[in-house]
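Everything on this sheet refers to the single structure shown next.
Computed from the coordinates by the stated procedures, all read-outs in this text should not be read as laboratory data. Source: prediction; values computed, not measured. All Cβ positions, glycine included, derive from the backbone under ideal geometry; neighbour counts span all protein chains shown.
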Amino acid sequence: MKTEILQKALKEGISKGVKSIFFFPEFPPLGNKKGIEKLGSRILSNKDIDDILKITLTGWQRERFEREKEIDYSFEVIKGIRFRFAAFYRMGQVSIVARPIPVNIPSFEMLGIPSVIKDFTELKQGIVFITGPAGSGKSTTIASIIDIINQKKALHIVTVEDPIEFV
């Protein structure tokens, strides 16, 4: 698989506004918006999936994937557009899901976050945990909180996130 095929599927997914793009062996690239739809007609092989990993993983990430059989990581395939990738084994075969990371940080109002959470932006010290399952909006919530703080104050903020989504 060449880089162009990966980029084409990701660009198509973005243009259709999908939340997730699936790269599974024996299927074409698939997107999920309000149901599954094809993002191309080429059926992917195990080699195609491995080629995506070669393009998007660093050496140490590849070692970690081979050891742990799953990995979450972020990568910029298309200039200026980052994706969160999850590689894992599905029915004995390597599969990948890519989720586009928004270029602009959504506001609290756009996210529908309760206004009481905005109070976290006024904390002078302490630790805040934001937890939840994959795809529930943790990184976006954190980015929105940090964006508000950055607009008001010059502070050192430490976040622990793996993978890093918003830069």
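A few points about this structure:
- Helix-derived mean residue ellipticity, 222 nm - over the chain, DSSP H n ≥ 4, -39500 (n - 2.57), to 500: -9500 deg cm²/dmol
- Short-range pairs are left out: with C-alpha atoms under 8 Å and at least six residues apart, the relative contact order of the stretch 79-125 is 29 percent.
- Loop GluC sites (Glu not before Pro), the stretch 23-63 (other Cβ atoms within 10 Å of the site Cβ: 12 or fewer; DSSP): Glu26
- With Cα atoms, 0 to 90° folded angle of helix 3-16 axis to the chain main axis: 50 degrees
- Residue of Thr131, Thr121, Thr58 that the Gaussian network model of the chain assigns the largest fluctuation, springs spanning Cα pairs under 10 Å: Thr131
- Between the helical axis of 138-152 and the longest alpha-carbon principal axis of the chain there is an angle of about 40 degrees.
- Share of Cα-Cα pairs in the stretch 78-155 lying beyond 18 Å, as whole percent: 54 percent
- Contour excess over end-to-end distance, with Cα ends at Ile55 and Ser15 and 0.36 nm allotted per residue: 12.2 nm
- GNM flexibility winner over the chain from Lys19, Lys118, Lys152 (Cα, springs under 10 Å): Lys152
- A full extension of the chain between Lys33 and Phe88 corresponds to an added length of 17.7 nm, given 0.36 nm per residue minus the alpha carbon distance.
- Note that the stretch 50-58 has calculated 3J(HN,Hα) couplings of 5, 4, 4, 4, 4, 6, 9, 9, 7 Hz, one per residue in order, obtained from phi through the Karplus relation 6.51 cos²θ - 1.76 cosθ + 1.60 (θ = phi - 60°); glycine and proline are x.
- Convex hull volume per residue for the chain, taking Cα atoms only, in Å³: 140 Å³
- Relative contact order (%) - the stretch 1-137, alpha-carbon pairs under 8 angstrom, separation at least six: 18 percent
- Added length on full extension, which subtracts the Cα-Cα distance from 0.36 nm per residue, Met110 to Ile43: 20.4 nm
- Built amide H within the under 5 Å cut-off of Val77, gap 5+: Phe83
- Percent RCO, i.e. relative contact order, over the stretch 66-149, from Cα pairs under 8 Å lying at least 6 residues apart: 20 percent
- Against the main long axis of the alpha-carbon atoms of the chain, helix 59-68 sits at an angle near 80°.
- Unsatisfied cross-links (Cα-Cα over 25 Å) in the set Lys8/Lys69; Lys19/Lys153; Lys16/Lys152; Lys11/Lys33: Lys8/Lys69; Lys19/Lys153; Lys16/Lys152
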